[in-house]
1. Considering the stretch 319-355 alone, what residues qualify as being more than 11 Å from the ligand (Cβ to nearest atom), more than 23 Å from K453 (Cα to Cα) and assigned to a helix (DSSP H, G or I)?
2. Can we say G215 is over 19 Å from L321 (Cβ atoms) and either surrounded by 15 or more Cβ atoms within 10 Å (Cβ to Cβ) or more than 13 Å from the ligand (Cβ to nearest atom) (or both)?
3. Has the stretch 356-372 got any residue that is under 24 Å from G28 (Cβ atoms) and either loosely packed, with under 14 Cβ neighbours inside 10 Å or more than 16 Å from the ligand (Cβ to nearest atom) (or both)?
4. Within the stretch 419-452, track down each residue that is among the hydroxyl-bearing types (S, T, Y) and not in a helix (DSSP H, G or I).
5. Being farther than 16 Å from N330 by Cβ, more than 26 Å from the chain's Cα centre (by Cα) and at pLDDT 90 or above is the filter here, so list the residues in the stretch 351-383 that pass it.
6. Among (1) crowded, with 17+ Cβ neighbours inside 10 Å; (2) near the ligand (Cβ under 10 Å from one of its atoms), there is one condition N196 misses while meeting the rest; what is its number?
7. If we keep just the residues of the stretch 198-224 that are part of a loop (DSSP other than H, G, I, E, B) and in contact with a strand residue (DSSP E or B) (Cβ under 6 Å, 6 or more places away or on another chain), which is nearest to V272 (Cα to Cα)?
8. Of the residues that sit in the stretch 279-318 and are small (G, A, S) and touching a strand residue (DSSP E or B) at 6+ places or on another chain (Cβ under 8 Å), which one is nearest to the ligand (Cβ to nearest atom)?
Amino acid sequence: MDTPGTIFIVEDDRKTRDLISAFLKYQGYDIAHATQASNIFDTIHEKHIGIVIADLKLLADIAPNFIEEAKKINPLLVLIGYRSNAHINSANEDNVFLLSKPLNLDELESLVMRAREFQTMKTPHAWTAPRAPRTLCSSIIGKSSRMAALFELIEKIAASNATVLIQGESGTGKELAARAIHQLSSRSDKNFVPINCAAIPEDLIESELFGHIKGSFTGAYANRAGRFEMADKGTLFLDEIGDMKANLQVKLLRVLQSKEFEPVGSTKSQKVDVRIIAASNKKLEDLVESQDFREDLFYRLSVIPITIPPLRDRREDIPLLIDFFLDRFNGEKRHAVTGFSSETLGILCAYDWPGNVRELENLVERLVILKDSGLITPDDLPEKYLSRTVQVQAPAVPVGNEFPESGICLNSVLDEFENRLILQALERTRGNKKEAAMLLNLKRTTLIEKLKKKNLAYGKESETQ
Ligand SMILES: Nc1ncnc2c1ncn2[C@@H]1O[C@H](COP(=O)(O)OP(=O)(O)OP(=O)(O)O)[C@@H](O)[C@H]1O
């Protein structure tokens, strides 16, 4: 369903429309489009449009009395107009903002923010927050812009038959994404067949993939179908493809090219119709560089490359995932853990999660088992999560000449430094945000925005501060 925050783009030039749309979607907004007159006011009504971004010339052609009519539907509607020869009567309208020429996305972003401020000032509840939590196939959870973009991409590519290469650190959800692509595709009523290329002994993997015929090797007592055959008309998920040995890489490449294979011990080719999704937590580009992975196979596999970001790069998903797993494990184990204290959430949001979502899932399961009921507090957390808080207090930034040999990630160091100072200011003021903002020389609202964005919390949150 569209939220009241939906932005309506009225533009007939596809390139411009797609650019504005992609940019605002990336910012987390829902977008509706119109290129012609017919039902522009119906759309505003039905989709609860809050902001219209329009080529004013086109809008004037479509609806010369746009502002008066639109205001009748939504008195708080804001029009952001661009391009010259505006025939829309915008003089003296406080809800019309004009963009300069040529279109500048930074300026557009700040006008959208201004429009939101304008609406919030008039009625505090005019906008629902953009980027509502989302799930894909009711199993993948995420509300960060990166996950929202990933969901959109998965929905788009599911419809095609193209080979997909999913990369990302261990535990980021690569298999989950592969399953979602299969589930959303026209192959969903056929098999999704996973195989972990690193987990199967080298001498068995060929037979696992392609099957074998009776007597082809010691122990082959009967004909056996391989994963390719099992996945016929469905999807084959080749996990940890980076660990596939060179001789098998050649065979896989051949199957991808010819869409046929020979079971071990057979000379007869078998046709298959399989969609391949491969995944790797090692960077395949690096393996190609070091000649451990065939370049031609890499290009065959990465027709559609997807990278799932590590959890530390999308910290806003952490509280959402915690809630999701808490519900799940409370239900599974019939326990009644009521939630996590804000201090605990703060600690978990600041943690770096080297094991990504899998580590978070395991932690929540463990806490639910041990806690049984009530609120989870920092005392319930294993030591390693707490020692990270101590690190936050310790200098995290290289000082003087002590620049680490291995270099640093400037963005995360700066981010961490900022977190540390914010937490220290809150500690000094015992959580009073107004006073902490003064210590940091920030506006109170800016501090609140930062805390929200970084998912930082200090002790018990107080709405009145
Ligand atoms: N966005 C998410 N929402 C809900 N659960 C998730 C999400 N991402 C991962 N998980 C859960 O985390 C665990 C690890 O996910 P998955 O096995 O898909 O990761 P992976 O990247 O394939 O890991 P590996 O590289 O180690 O094989 C699974 O239990 C999965 O259900």
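1. Within the stretch 319-355, D327, F329, N330, G331, E332, K333 meet the criteria.
2. Working: over 19 Å from L321 (Cβ atoms): yes; either surrounded by 15 or more Cβ atoms within 10 Å (Cβ to Cβ) or more than 13 Å from the ligand (Cβ to nearest atom) (or both): yes.
Against the criterion (over 19 Å from L321 (Cβ atoms) and either surrounded by 15 or more Cβ atoms within 10 Å (Cβ to Cβ) or more than 13 Å from the ligand (Cβ to nearest atom) (or both)), G215 qualifies.
3. no
4. We begin by selecting, within the stretch 419-452, every residue among the hydroxyl-bearing types (S, T, Y); these are 429, 445-446.
T429, the sole residue that qualifies.
5. Restricting attention to the stretch 351-383, the residues satisfying the condition of being farther than 16 Å from N330 by Cβ are 351-359, 377-379, 381-383.
Cutting the leftovers down to more than 26 Å from the chain's Cα centre (by Cα) gives us 377-379, 381-383.
Within the stretch 351-383, T377, P378, D379, L381, P382 meet the criteria.
6. Every listed condition holds for N196 apart from (1).
7. Step one: list which residues in the stretch 198-224 are part of a loop (DSSP other than H, G, I, E, B), which gives 198-201, 211, 213-223.
Still in the running and in contact with a strand residue (DSSP E or B) (Cβ under 6 Å, 6 or more places away or on another chain): 211, 216, 220.
Details: G211: 13, S216: 21, A220: 23 Å.
For the stretch 198-224, the residue satisfying everything is G211.
8. Taking the stretch 279-318 first, the residues small (G, A, S) are 279-280, 290, 302.
Still in the list and also touching a strand residue (DSSP E or B) at 6+ places or on another chain (Cβ under 8 Å): 279-280, 302.
Numbers: A279: 6, S280: 8, S302: 17 Å.
Checked the stretch 279-318; the qualifying residue nearest to the ligand (Cβ to nearest atom) is A279.
The values are calculated or read from the model by the stated rules, or taken from the named source; none is laboratory data. Being a predicted model, the structure only gives us computed values, none of them experimental. Here the Cβ is made from the backbone with ideal geometry for all residues, glycine too, and neighbour counts use every protein chain on show.
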